[in-house]
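Heads up, the thing below is written out as C-alpha coordinates.
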Amino acid sequence: MKGVFFLHGRKVMSSMRRLVLAAMMVGTTAATADEVSSYQTARKQGVKTCLEKVKEVGNFLVGDHNHASHDVWNTVDTDKRMFSSFLVKEYSDGDTHISMIVGPDATGKCFAEYNETTFWSKSCSIIREEVFSEFKFAGSMKEATIVLKNKEDSVNAYLTPQSNGNACLSTRREVVFY
(Lines give C-alpha, C1' and ligand atoms only; values in the text may rest on other atoms or scores of the structure.)
Protein backbone atom coordinates (compact mmCIF):
# COMPACT_ATOMS: atom_id res chain seq x y z
CA MET A 1 0.00 0.00 0.00
CA LYS A 2 1.40 3.44 -0.88
CA GLY A 3 1.46 6.38 1.52
CA VAL A 4 -0.20 8.99 -0.64
CA PHE A 5 -1.96 12.07 0.60
CA PHE A 6 -4.63 13.67 -1.59
CA LEU A 7 -5.83 17.16 -0.79
CA HIS A 8 -8.17 18.96 -3.15
CA GLY A 9 -7.05 16.74 -6.02
CA ARG A 10 -3.31 17.45 -5.58
CA LYS A 11 -1.01 14.53 -4.96
CA VAL A 12 1.63 15.25 -2.32
CA MET A 13 4.17 12.61 -1.38
CA SER A 14 7.16 12.73 0.98
CA SER A 15 9.15 10.06 2.76
CA MET A 16 7.63 11.13 6.10
CA ARG A 17 4.12 10.97 4.70
CA ARG A 18 4.88 7.55 3.24
CA LEU A 19 5.76 6.34 6.73
CA VAL A 20 2.93 8.04 8.59
CA LEU A 21 0.15 7.53 6.09
CA ALA A 22 1.14 4.13 4.71
CA ALA A 23 -1.91 2.46 6.26
CA MET A 24 -4.34 5.37 6.04
CA MET A 25 -6.82 6.72 3.58
CA VAL A 26 -7.80 10.36 3.36
CA GLY A 27 -11.03 11.96 2.20
CA THR A 28 -12.34 15.47 1.88
CA THR A 29 -16.08 16.11 2.11
CA ALA A 30 -18.25 19.23 2.21
CA ALA A 31 -21.69 19.20 3.77
CA THR A 32 -24.38 21.13 5.48
CA ALA A 33 -25.41 20.21 9.01
CA ASP A 34 -28.12 17.80 7.76
CA GLU A 35 -25.59 15.03 8.32
CA VAL A 36 -22.07 15.81 9.50
CA SER A 37 -19.57 15.04 6.75
CA SER A 38 -17.20 13.17 9.10
CA TYR A 39 -20.04 10.83 10.06
CA GLN A 40 -20.82 10.19 6.38
CA THR A 41 -17.20 9.26 5.72
CA ALA A 42 -16.80 7.13 8.87
CA ARG A 43 -19.94 5.17 8.02
CA LYS A 44 -18.84 4.58 4.40
CA GLN A 45 -15.40 3.40 5.51
CA GLY A 46 -16.64 0.81 8.01
CA VAL A 47 -16.41 2.49 11.40
CA LYS A 48 -19.00 0.75 13.58
CA THR A 49 -17.90 0.57 17.24
CA CYS A 50 -17.70 4.35 17.75
CA LEU A 51 -19.80 5.49 14.78
CA GLU A 52 -22.57 6.93 16.97
CA LYS A 53 -19.92 8.92 18.91
CA VAL A 54 -18.56 10.32 15.63
CA LYS A 55 -22.11 11.44 14.84
CA GLU A 56 -22.82 12.77 18.35
CA VAL A 57 -19.58 14.76 18.68
CA GLY A 58 -19.76 15.95 15.07
CA ASN A 59 -23.34 17.18 15.51
CA PHE A 60 -22.37 18.93 18.76
CA LEU A 61 -19.45 20.68 17.06
CA VAL A 62 -21.09 21.62 13.77
CA GLY A 63 -24.67 22.34 14.85
CA ASP A 64 -26.54 23.89 11.94
CA HIS A 65 -23.45 25.48 10.36
CA ASN A 66 -22.15 24.70 6.90
CA HIS A 67 -18.87 22.87 7.12
CA ALA A 68 -16.31 20.73 5.32
CA SER A 69 -14.13 17.96 6.65
CA HIS A 70 -10.83 16.35 5.81
CA ASP A 71 -10.97 12.84 7.26
CA VAL A 72 -8.28 10.26 8.01
CA TRP A 73 -8.78 6.61 8.97
CA ASN A 74 -6.74 3.42 9.00
CA THR A 75 -7.63 0.98 6.24
CA VAL A 76 -6.46 -2.01 8.27
CA ASP A 77 -8.79 -2.77 11.20
CA THR A 78 -10.77 0.39 10.44
CA ASP A 79 -13.29 -0.28 13.20
CA LYS A 80 -10.58 -0.89 15.82
CA ARG A 81 -8.59 2.30 15.18
CA MET A 82 -9.23 5.98 15.72
CA PHE A 83 -11.02 8.17 13.16
CA SER A 84 -9.70 11.70 12.72
CA SER A 85 -11.50 14.64 11.17
CA PHE A 86 -10.35 18.20 10.54
CA LEU A 87 -13.43 20.39 10.08
CA VAL A 88 -13.86 23.95 8.90
CA LYS A 89 -17.06 25.42 10.35
CA GLU A 90 -18.66 28.47 8.77
CA TYR A 91 -19.79 31.50 10.78
CA SER A 92 -21.03 34.80 9.34
CA ASP A 93 -17.84 36.58 10.47
CA GLY A 94 -15.32 33.85 9.57
CA ASP A 95 -14.55 30.17 9.83
CA THR A 96 -13.17 28.10 12.70
CA HIS A 97 -10.89 25.08 12.57
CA ILE A 98 -11.87 21.97 14.50
CA SER A 99 -9.80 18.86 15.01
CA MET A 100 -11.85 15.85 16.15
CA ILE A 101 -10.63 12.36 17.03
CA VAL A 102 -12.97 9.51 17.96
CA GLY A 103 -12.09 5.89 18.49
CA PRO A 104 -12.08 2.84 20.71
CA ASP A 105 -9.59 2.61 23.57
CA ALA A 106 -7.95 -0.51 25.01
CA THR A 107 -11.09 -1.29 27.06
CA GLY A 108 -13.25 -1.38 23.92
CA LYS A 109 -15.08 1.78 24.94
CA CYS A 110 -14.97 4.96 22.91
CA PHE A 111 -13.18 8.24 23.52
CA ALA A 112 -13.37 11.57 21.73
CA GLU A 113 -11.29 14.73 21.71
CA TYR A 114 -11.87 17.96 19.89
CA ASN A 115 -10.05 21.26 19.61
CA GLU A 116 -11.82 24.25 18.07
CA THR A 117 -9.60 27.19 17.16
CA THR A 118 -10.88 30.68 16.40
CA PHE A 119 -9.19 33.97 15.53
CA TRP A 120 -10.85 37.01 17.11
CA SER A 121 -10.21 40.63 16.11
CA LYS A 122 -10.57 41.64 19.77
CA SER A 123 -8.14 41.38 22.67
CA CYS A 124 -8.04 38.20 24.75
CA SER A 125 -9.28 40.10 27.81
CA ILE A 126 -12.45 41.06 25.91
CA ILE A 127 -12.87 37.51 24.53
CA ARG A 128 -12.45 36.13 28.05
CA GLU A 129 -15.34 38.29 29.27
CA GLU A 130 -17.60 37.97 26.22
CA VAL A 131 -17.09 34.31 25.27
CA PHE A 132 -15.53 32.53 28.24
CA SER A 133 -17.00 34.46 31.19
CA GLU A 134 -18.18 31.24 32.88
CA PHE A 135 -14.66 29.78 32.77
CA LYS A 136 -12.16 30.16 35.63
CA PHE A 137 -8.43 30.84 35.42
CA ALA A 138 -6.49 27.55 35.52
CA GLY A 139 -2.95 28.70 34.75
CA SER A 140 -0.76 29.91 31.96
CA MET A 141 1.48 28.49 29.27
CA LYS A 142 4.65 30.30 28.30
CA GLU A 143 4.35 34.01 28.97
CA ALA A 144 1.19 35.03 27.21
CA THR A 145 -1.25 32.12 26.88
CA ILE A 146 -3.81 31.77 29.64
CA VAL A 147 -5.60 28.52 30.37
CA LEU A 148 -9.22 28.60 31.50
CA LYS A 149 -11.48 25.73 32.60
CA ASN A 150 -15.22 25.34 32.97
CA LYS A 151 -16.68 24.66 36.43
CA GLU A 152 -16.97 20.92 35.73
CA ASP A 153 -13.26 20.85 34.79
CA SER A 154 -14.16 19.06 31.55
CA VAL A 155 -13.45 21.80 28.98
CA ASN A 156 -10.37 24.00 28.70
CA ALA A 157 -9.91 27.20 26.74
CA TYR A 158 -6.53 28.60 25.74
CA LEU A 159 -6.27 32.31 24.88
CA THR A 160 -3.16 33.65 23.14
CA PRO A 161 -2.78 37.35 22.24
CA GLN A 162 -2.06 38.13 18.58
CA SER A 163 -1.18 41.33 16.69
CA ASN A 164 0.41 43.09 19.68
CA GLY A 165 -2.57 42.23 21.89
CA ASN A 166 -5.22 43.63 19.52
CA ALA A 167 -6.47 40.17 18.53
CA CYS A 168 -6.81 36.77 20.16
CA LEU A 169 -6.35 33.15 19.13
CA SER A 170 -8.56 30.82 21.17
CA THR A 171 -8.75 27.06 21.31
CA ARG A 172 -11.51 25.21 23.12
CA ARG A 173 -10.55 21.64 24.07
CA GLU A 174 -12.50 18.73 25.49
CA VAL A 175 -11.67 15.06 25.99
CA VAL A 176 -14.56 12.66 26.63
CA PHE A 177 -14.33 9.04 27.78
CA TYR A 178 -17.53 7.08 27.20
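Using r as the Cβ-Cβ distance of residue 163 and residue 93, and R0 as 22 Å, what FRET efficiency do you calculate, to the nearest 0.05?
Working from the Cβ atoms, E equals 0.85.
How much accessible area does residue 43 have with a 1.4 Å probe, in Å² rounded to the nearest 10?
100 Å²
To the nearest 10 square angstrom, what accessible area does residue 158 show with a 1.4 Å probe?
40 Å²
Check which residues have an amide H placed less than 5 Å from residue 122's amide H, if you skip close sequence neighbours.
HN-HN under 5 Å from residue 122: 168.
Give the accessible surface of the range 87-174 per residue, rounded to a whole number of Å², with probe radius 1.4 Å and ligands, DNA and RNA excluded.
Normalised by residue count, the accessible surface of the range 87-174 is 59 Å².
Within the set of other residues whose C-beta is less than 11 Å from the C-beta of residue 137, count the net charge using Lys and Arg as +1 and Asp and Glu as -1.
Here the count lands on +3.
How many nm separate the modelled label positions at residue 68 and residue 52, each set 7 Å beyond the Cα in the direction of the Cβ?
Rounded to a tenth, the inter-label distance reads 3.3 nm.
Compute the Cα gyration tensor for the range 121-171, then decide on rounded, prolate or oblate, letting a ≥ b ≥ c be the square roots of its eigenvalues: rounded whenever a/c is under 1.5, prolate when a/b is larger than b/c in the other cases, and oblate in all that remain.
Taking the square roots of the gyration eigenvalues as a ≥ b ≥ c, the range 121-171 is oblate.
With Kirkwood's inverse mean 1/r over C-alpha pairs for Rh, give me the Rg to Rh ratio of the range 36-116, two decimals please.
0.98
Work out the FRET efficiency for residue 59 and residue 107 from their Cβ-Cβ distance, taking R0 = 35 Å, and round it to the nearest 0.05.
So the FRET efficiency works out to roughly 0.90.
Using a Cα-Cα cut-off of under 16 Å, which lysines could be cross-linked to residue 149, ignoring same-chain neighbours fewer than 8 residues away?
Reachable lysines: 136.
Please give the charge dipole size of the range 77-163, origin at the Cα centre, charges +1 on K and R Cβ atoms and -1 on D and E Cβ atoms. Round to the nearest 20 debye.
220 debye
Is there a quick way to get the dipole size of the range 36-116? I mean about its Cα centre, with the Cβ of Lys and Arg at +1 and of Asp and Glu at -1; what is the value in debye to the nearest 20?
440 debye
The values are calculated or read from the model by the stated rules, or taken from the named source; none is laboratory data. These figures come from a predicted structure and were not determined experimentally. So basically every Cβ, Gly included, is an ideal-geometry build from the backbone, and we count neighbours across all protein chains shown. These area figures cover heavy atoms from the full protein model, side chains too; ligands, DNA and RNA do not enter into them. Shrake-Rupley method; radii C 1.70, N 1.55, O 1.52, S 1.80 Å.
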